[in-house]
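Coordinate-derived values only; no laboratory data. Just so it is clear, the structure is predicted and the values come from calculations on it, not from any experiment. Using ideal geometry, Cβ is built from the backbone for each residue, glycine included, and neighbour counts are taken over all protein chains shown.
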Amino acid sequence: MITYVVIFSILAVLLVASALYAVIQKDLLAAVISTGVVSLILSVFFYLMQAPDVALTEAAIGIALTTIIFVITIRNTSRNEDETVDNNLEKF
Amino acid sequence: MQDGKSSISKFLYTFIMVFIIWNAFTWPGSFADIQLAEVLTGAFVSLILGLLTNKYFSCCGLQVLMPHKIIFLVQYFFVFIIALIKANLDVAVRVINPALPINPGIVEIKTKLTNDFAKMILANSITLTPGTLTIDVIDDTMYIHWIDVATENPEEAFKEIAEPFEKVLLKIYG
Amino acid sequence: MEILRYIGYGLLVIGGIFLFLGALGIYRMPDLYNRLQAGTKATTIGAMSAILGVGFIEPAWMVKTIIIVIFIGIANPLSSHALARAAYKAGLKPIMKKKVDAYEKVQDIEVKEEVKL
Amino acid sequence: MQNFEQYNSIITTGVYGSAIALILIGLYAVLIKKHLIKIVIGLSIIDAGVHLLFVAIGYIKGGTAPIFSPGNEDAVNKMVDPVPQALVLTAIVIGFAVTAVALSLVIRLYKHHNTARIDQIKSLKW
Amino acid sequence: MVISPVHYIAVPLLAAFTIPLLSKYIHKELARIVPGIVLLYSVFVSIVLMMQVSEVGVISEKIAGWSAPWGINLMFTPFSGFLASLMSVVGFLIWLYSYNFKKIEQSQSQKYHILQMMMVTGAIGIVLTGDIFNLFVFMEITAITAYSLTSFYRERDGAEAGFKYLLIGSFASVMILLAVMILYTQLGTLNMAEIAQNAHLIPTPLRATILVLFLVGFGIEAEMFPLNGWAPDAYSQSPGPIGAAFAGIVVKAGVYALIRVIFTLFDIHGAYDFLIYGGLITMIIAETAAVAQTNLKRMLAYSSIGQMGFVLIAFGIGTKTAIIGALFLMFNHAVIKSLLFMSGSYLTYNSLNKKISALAGLGKKLPIVSLLFGLGAFAIVGLPPFSGFWSKLYVLTAAADQNMLLLIMAILAVSIIEIIYYFRVVSTLYYGKQEDEEIKVQKPSINAMVSMLILGATIIVVGVYPDIITHFLNNAADMLLDKASYIQAVLTQNIN
Amino acid sequence: METVFIIVLSLMALGLLLGFLRFVKGPTAADRAVALDTMSVIATAALVLLGLMFKRYIYIDVALIYAVLGFIGVIVIARFIEKAL
Amino acid sequence: MKKVLVLVLLVIVGYFLTDTFNLIPFGENRIGNPQDEQTVAGYYLNNTVEKTSVANTVTAIVVNYRGFDTLGEVTVLFLATTGLGSILFRRKEDEEEIERINKPSSSLMQTGSRVLFPLIALLGIYVFIHGHLTPGGGFQGGAIIATGFLLMLISYKNFKAGHTMLNWVESLAGITFVSIGLWGLLTGGTFLENVLPAGELNNLISGGVIPIIYIAVGFKVAAELTGVLDILLNIKPKK
């Protein structure tokens, strides 16, 4: 049964790590995708805690809609956190 | 659109497909538990969706649902499964192999299919069989990223990658 | 019905292995296109097989699992196609041992919308 | 999943710890980062942490979802607390609305100042 | 249909959802007229309910047919009813004022009026609801309208002020959410009356935590120091009428929530002292900052913060007289600050820039507006015979009863500061040297004039006959202090 | 048969971890989108399996919605990378 | 310097939160034995089936017991859409040529979104019609439908979201919600009261007005979110 704890710890570590990554990453698109990962794992958490309603909401609003409106905002502003022009972040 | 089928046929096709999927969504587990209200609601929802979205959803009207075409569909399914299993083992071996034996490249193949829907199914099948990935479809040319390029010649590549699928698809949509 | 259960377990294990292999492929492959190859493929197959396995174990769930499988089957190849095409259009060249690139010459073709909406 | 709760302390640490960590990480982003989108990302991470905490307090060991679906009509005594779930539902939607407004403000600030970094937007004091 | 508190919420919502259709298919002008009718209806509901409540005591309404702890209920007590009536009246006057407001473009006016109406509705919801989470929801309604309205003007730095407000407001909502969460784990209920009944069961450390979280969360809306960073920018960058709405409506709702939490939910003694100190610091710092301002609206904003500090002090003293004084102050602040913002925005609109010095000589060109501004200035610093005098008197009396000598001195000192900067503006208006003779003034439209005159008349009438208001305030203060009857009224649901 | 579930779940968790490692390594946003896609597929399968373990039929709906929504997020990112958005 | 201050603040907040949540054990049964109806949650769990015939207790709470919250929530979304419109509003005179997307997506994607759009819409409709039986409800279903619209919006240049229709759907759904509330008031009950018969548990037609409200919420949320996405997509000036 220790396996459950291991699985759970992996999820928790992934959750925190992706949140941290969303904060430190300079490329805003990557940061936004990272928040998508946060939502993804968060909703698995909700599911594990027997809250399928909340998991569904988090999936619909966190993974899809929030990511989408962030991406659209980045399209209308800048993609690089430092707003320097060079670097190949803008390319791919 | 391209084949100018009547809109009633399109509507019916959409209606039937949506209705089937609705019933799959609401499947209670066994036939005995099906509620009449669910089915009627499903019919109503399918009616509305059919009216609103048939111009998007349907490709070619009702005749795709003819019995013999459904048999071909089943046949297609088996062809696909066999290709899938064969090729999956291939990629699995590649991934595990520490040397990563890959020789990627992008090849083009020509397809005889004209229907968008059929092209999408073909492209998806090609993508789902490991080793190949459809990058783009322009008219009748498909550009395929191939993890282990055996040949650059379009015809040979076509034989290698898409032939079994296309044969069956032509029978359904051709 | 016991046999169905065992088929289900088998599919589940196969699915698990393929999901793992897909993720491993994503991690190991050298460039985006190859990652897509390994990633979408193996994970899609893995997910499909695992989900179908659940359907076999609990036959009442079969219909819904098939619907999920169909959704995954339509959606996932499309998303990997979109990603591959986007990356290529953005200028990410695939890594190749011997240059075989038929797609390079058609970069400037405009896509037309074939449907009047 | 029956023995899930044997390791209660580890799981407690996992859930509460990650939720609090999310709140702190988001707070860090809001306070330190200079780019407006990063700040909004920080806000949404804080929200995520609070929502996780909220669901966590409603969880009951060995419980199941508070839905009386066929086969579960008699499981009243095993159900988790439905109230926090209902509240979180509301909170998630409200959080999304606030995020949308925040992002639209970011877009307008960018149009106005041609930058989205707060250290370069200086019309008002920050 | 019997008039009941839920009309405050349901009718505006129905109108808000209908307006887009009405304005598109019937007549464009309806988008501006309907909110006015709705707000007028709210005023009517207020009058009817205030008359009822003075007979019955408490009107409590349950929603969705579930009585108190299980469902949400609306409480129309003399205290909350007073605030709700005040808000609806001020909301209606603001609508009247902004009906033809020049700077709101035609195509945008539909959105403006919907947002303004919903701001009033949200604030009334905060005041009326008896459920802590529902309060949070209404606070978000108010906040989201406030964010949008702050950044309504495109040419100004409204977006920046709005973003700042949003940032701070999000913190507030996170705090409130956390507090609600901890509260729920301890008591398993969200109804305020039941929380108040059982609050003593919460372990002390958790109780302190909840209280701190609530204080910080609601303190942000109530402009308490040091959480008021949003206020000056939001006031100065938003459209003129919205400045009035902030002062008259949003902040009132924040103060209400703060007071409800401290007085009803947690009757902790230290909290009162906290209110006094917090209010004192807020007042002194804000009034000092107001002197240094050169922008008229910013000055008014700081003055508004200072006034809210004064209100918090008055609540913190905690005796009945003090609470009457505090409520009277809230009433005055709503009326007078609205008048100041309304007339002030016409004055700044007609000056070259928003500096106070640019107002010079406008007293002759816009005589009535300037007169009204002067009236407001005199009233807010507490000169007799205007209404501001009585509220200050009540608070000072209460402080004297409690032997709080230092507090009295601080209040008087701050009043002198207030007099300095308000008189500076008024003297610039009338005796300042005009720089540009050719400037064309924009006369206020008739509806704006009516709305300002109503406010001015209220100030004078209340100043002469304060009993009109204190009659209501007496009941309200009784109700606020009498926690037990509130709890009983909710949990027995005697009406409906 | 609990062991089978545990094995499969651990494989899925490891898959998530590997996907996340690729997500962190990048190097391009497209790679990260691939990782997100993979992770959401793995999560979908995991949700179905967990639904089986919790013995609740209705939980599958969540997986169904996952299958759709993860895809749409990836499509939007792809359109952005393509500079078409 | 600022970083150090912030880190100190973070440590304080973290300590404070950890300390607080140490006092709240995880996974403990706080609702007591539901049969005793000690707490609100216990009451809900014990009475929902009997009184409203709604299988999903969360839905019953969201739509009925705390239906007022949901009304407020819908209003928040509505106001966010309105506010977004006012914040990102473009004047007629400085109206530039705008385009939502530079180029249509590949023909494969076009076909794919054409096929998936009705299916996603169906999924959303399924989620909110079955809000009282299965997880999900109006908000989730609405969000799913909105993502379906988004798929079309980013795939086709000439797909229009149909503002007239969106306006109608949004307004009518909102009016339905409030009218159901007022219906309860008019028939002598209270606002949002469940005036229809409860029906039988786990039937599609059960729960009185609860499914109707959730369907209205679903349509409204779908229209609002589509509106939000459309506004956000339609602000890019043509190069």
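When the convex hull of its Cα atoms is viewed from all sides, the range E:350-496 shows a mean projected area of 13.3 nm².
Peptide G:162-170 has a mean of 2 when you count, residue by residue, the C-beta atoms of other protein chains within 10 Å of its C-beta. If you build the convex hull over the alpha carbons only and average its shadow over all orientations, what do you get for the protein assembly as shown? Give it in nm² to one decimal. Averaging across all directions leaves 47.6 nm² for the Cα convex hull. Largest GNM mean-square fluctuation across G:60, G:41, G:173, computed for chain G with C-alpha springs under 10 Å, falls on G:41.
Given the pairs B:159/C:93; B:110/C:89; E:164/E:297; D:33/G:2, which span a C-alpha to C-alpha distance of over 19 angstrom in this model? From the list (B:159/C:93; B:110/C:89; E:164/E:297; D:33/G:2), the Cα-Cα distance tops 19 Å for B:159/C:93; B:110/C:89.
How big is the range F:2-81 by the Kirkwood estimate over distinct Cα pairs, in Å?
On the way: mean 1/r = 0.0746 Å⁻¹.
For the range F:2-81, inverting the mean 1/r across all distinct Cα pairs yields 13.4 Å.
For the residues of G:189-196, the average number of beta carbons from a partner chain within 10 Å of their own beta carbon is 6.
Shape descriptor for the range A:2-82: Rg over Rh equals 1.06 (Cα atoms; Rh from the Kirkwood inverse mean 1/r).
Can you pull the mean other chain C-beta count within 10 Å for peptide D:25-35?
Across D:25-35, the average partner-chain Cβ count within 10 Å equals 6.
List every DSSP H helix in chain D whose Cα atoms extend 18 Å or more along the helix's own long axis and whose mean Kyte-Doolittle hydropathy is at least 1.6. What comes out of the filter, once short or polar helices are dropped, is D:8-32, D:36-58. Roughly what % antiparallel, to the nearest 5, for the DSSP beta bridges in the protein assembly as shown? Around 90 percent of the beta bridges assigned by DSSP in the protein assembly as shown are antiparallel ones. Computed from Cα positions, the angle between helix B:163-173 and the longest principal axis of chain B comes to roughly 20 degrees.
Helix by helix, which DSSP H runs in chain A go 15 Å or more along their axis at the Cα atoms and have an average Kyte-Doolittle hydropathy of 1.6 or more?
Numbers: long enough: A:2-24 (33 Å, 2.58); A:28-48 (30 Å, 2.34).
Helix filter hits for chain A: A:2-24, A:28-48.
Bridgeable lysines around residue B:69 (alpha carbons under 20 Å apart, same-chain partners fewer than 8 residues away excluded): B:5, B:10, B:112, B:119, B:167, B:171. The magnitude of the dipole of the protein assembly as shown, with charges of +1 and -1 set on the Cβ of Lys/Arg and Asp/Glu and taken from the Cα centre, is near 2840 debye. Oblate is the label for chain G, because the ratio a/c of its alpha-carbon gyration tensor axes (a ≥ b ≥ c) is 1.5 or higher and a/b is not greater than b/c.
Helix-derived [θ] at 222 nm for chain E: sum -39500 (n - 2.57) over DSSP H runs of at least 4, divide by residue count, nearest 500?
On the way: 21 runs with 369 residues, N = 496.
Only helices count here, giving -25000 deg cm²/dmol.
Under the rule a/c < 1.5 gives rounded, and otherwise a/b versus b/c splits prolate from oblate, where does the range C:18-117 land using the Cα gyration tensor? Here the range C:18-117 falls in the oblate category.
Evaluate the range E:245-365: find the radius of gyration of its Cα atoms, find its Kirkwood radius, and give the ratio Rg to Rh.
Computed over Cα atoms, the ratio is 1.07.
Using only the Cα atoms of chain B, each taken as one equal point scatterer with no solvent, compute I(q) by the Debye sum, divide by I(0), and report log10 of the ratio at q = 0.09, 0.15, 0.17 Å⁻¹. So the normalised log intensities work out to -0.43, -0.94, -1.07. In whole angstrom, the range E:363-416 maps to an equivalent ellipsoid with semi-axes of 30, 11, 5, each derived as √(5λ) from the alpha carbon gyration tensor and ordered largest first.
What the Cα convex hull of the range G:147-239 gives, in volume per residue, is 109 Å³. In whole angstrom, chain E maps to an equivalent ellipsoid with semi-axes of 34, 27, 21, each derived as √(5λ) from the alpha carbon gyration tensor and ordered largest first. Quick one: of D:61/E:62; E:111/E:443; E:28/E:62; C:64/F:25; D:111/F:83, which pairs are farther than 28 Å apart, Cα to Cα? Correct reply: D:61/E:62; E:28/E:62; C:64/F:25. Exposure proxy ranking for G:185, G:84, A:56, E:405, based on other Cβ atoms within 10 angstrom of each Cβ and starting from the fewest, stands as E:405, G:185, G:84, A:56. Toward the positive end of the charge dipole of the protein assembly as shown, with +1 on the Cβ of Lys and Arg and -1 on the Cβ of Asp and Glu, the farthest Cα among F:15, E:34, E:198 is that of E:34.
Packing-based ranking of E:27-35, G:103-111 yields G:103-111, E:27-35, ordered from highest to lowest mean Cβ neighbour count within 10 Å.
I need C:6, E:99, G:126 ordered by Cβ neighbour count within 10 Å, fewest first.
Working: C:6 12, E:99 21, G:126 25.
Fewest to most other Cβ atoms nearby, the residues stand as C:6, E:99, G:126.
Assuming charge only on the beta carbon of Lys and Arg (+1) and of Asp and Glu (-1), the dipole of the range G:1-138 about its Cα centre is about 340 debye to the nearest 20. The aspartates and glutamates within cross-link reach of residue D:38, meaning a Cα-to-Cα straight distance under 15 Å and a gap of 8 or more places when in the same chain, are A:27, A:81, A:82, A:83, D:47, D:119.
For chain G, what is the calculated [θ] at 222 nm in deg cm²/dmol (nearest 500), taking -39500 (n - 2.57) for each run of four or more DSSP H residues and dividing by its residue count? Present the calculation step by step, with values, prior to reporting the outcome.
On the way: 7 runs with 144 residues, N = 239.
Helix-only estimate at 222 nm: -21000 deg cm²/dmol.
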